[in-house]
Amino acid sequence: MPDALELLKTRRSLKPMEMTGPGPSAAELDTILTIGSRVPDHGKLSPWRFIVFEGDGRTRAGEIFAKLFAQKNPQATPDQIEKERTRFSQAPLVIAVVSKTIEHFKVPAWEQELSAGASAMNIVHAATALGYVCDWVTGWMAFDRDAMDALGLAPNEKIAGFIHIGKPTKTIEDRPRPPLGEIVTRF
């Protein structure tokens, strides 16, 4: 297992189309999801949950996305519809982080949503520590109520992100990062 600080300094994203299997084992997935649930959670609300897409579940999700995309985009080409159909089939595993907010006298919705984001980042870090690569994305289906309904989300839930997890098919290049002088101020 890599040193924690080195992992945090060197983590990179990789597009799902550049991933291959195998994906995490059942034990590794349990570890990833356990770490995903160990985030700041004011009020102990657990304002997130996870949907795991693996095996045929990835294909079933793709069929939902292709059907909805075709309905909502009558001008879509067959290639565009096929892209939606195979969206979750590129990586061996996809985890949806679902943000679920509740009315609470002390914990605003924004804070609950940030907890869901922290959960997604913990999932990415856990998978990376286990030797996998990830891509945390949203896409149109993360904001489309029909897609959310088809995935079983309640009205008070939304997608914080879809995290694609697999093994790299290529060396991952780093992208330019902003110099600290451009993003840090002192008060």
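The values are calculated or read from the model by the stated rules, or taken from the named source; none is laboratory data. This is a predicted model, so every value here is computed, not measured. So basically every Cβ, Gly included, is an ideal-geometry build from the backbone, and we count neighbours across all protein chains shown. To get the accessible areas, we keep the full protein, side chains included, count just its heavy atoms, and leave off ligands, DNA and RNA. Shrake-Rupley method; radii C 1.70, N 1.55, O 1.52, S 1.80 Å.
Applying a threshold of 9 Å to beta carbon distances and a minimum spacing of six or more residues, or different chains, the list of pairs starting in the stretch 43-61 at a residue that is within 18 Å of Val107 (Cα to Cα) and ending at one that is acidic (Asp, Glu) and at pLDDT 95 or above reads Arg49/Glu157.
Here is a yes/no grid of residues against (1) touching a helix residue (DSSP H, G or I) at 6+ places or on another chain (Cβ under 9 Å); (2) hydroxyl-bearing (Ser, Thr, Tyr); (3) part of a helix (DSSP H, G or I):
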| residue | (1), (2), (3) |
| --- | --- |
| Glu6 | no, no, yes |
| Pro22 | no, no, no |
| Thr31 | yes, yes, yes |
| Val39 | yes, no, no |
| Gly43 | yes, no, no |
| Ser46 | yes, yes, no |
| Arg58 | no, no, yes |
| Phe65 | yes, no, yes |
| Ala70 | yes, no, yes |
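Applying a threshold of 8 Å to beta carbon distances and a minimum spacing of six or more residues, or different chains, the list of pairs starting in the stretch 162-177 at a residue that is among the hydroxyl-bearing types (Ser, Thr, Tyr) and ending at one that is open to solvent by less than 80 Å² (accessible area, probe 1.4 Å) reads Thr169/Glu18; Thr169/Met19; Thr169/Thr20. Checked against the criterion of being of a type outside the set (A, V, I, L, M) and touching a strand residue (DSSP E or B) at 6+ places or on another chain (Cβ under 6 Å), the stretch 59-81 contains not a single residue that satisfies it. Summed over the stretch 61-119, residues that are of a type in the set (Asp, Glu) and at pLDDT below 95 total 3.
Take the residues in the stretch 73-83 that are under 23 Å from the mean Cα position of the chain (by Cα) and either closer than 30 Å to Glu28 by Cβ or of a type in the set (Val, Ile, Thr) (or both); name whichever of them is most open to solvent (accessible area, probe 1.4 Å). Within the stretch 73-83, the match that is most open to solvent (accessible area, probe 1.4 Å) is Lys83. If I filter the stretch 25-58 down to residues being of a type in the set (Ser, Thr, Tyr) and open to solvent by less than 70 Å² (accessible area, probe 1.4 Å), which single residue comes out as nearest to Trp136 (Cα to Cα)? If we take residues in the stretch 25-58 being of a type in the set (Ser, Thr, Tyr) and open to solvent by less than 70 Å² (accessible area, probe 1.4 Å), then Ser37 is nearest to Trp136 (Cα to Cα).
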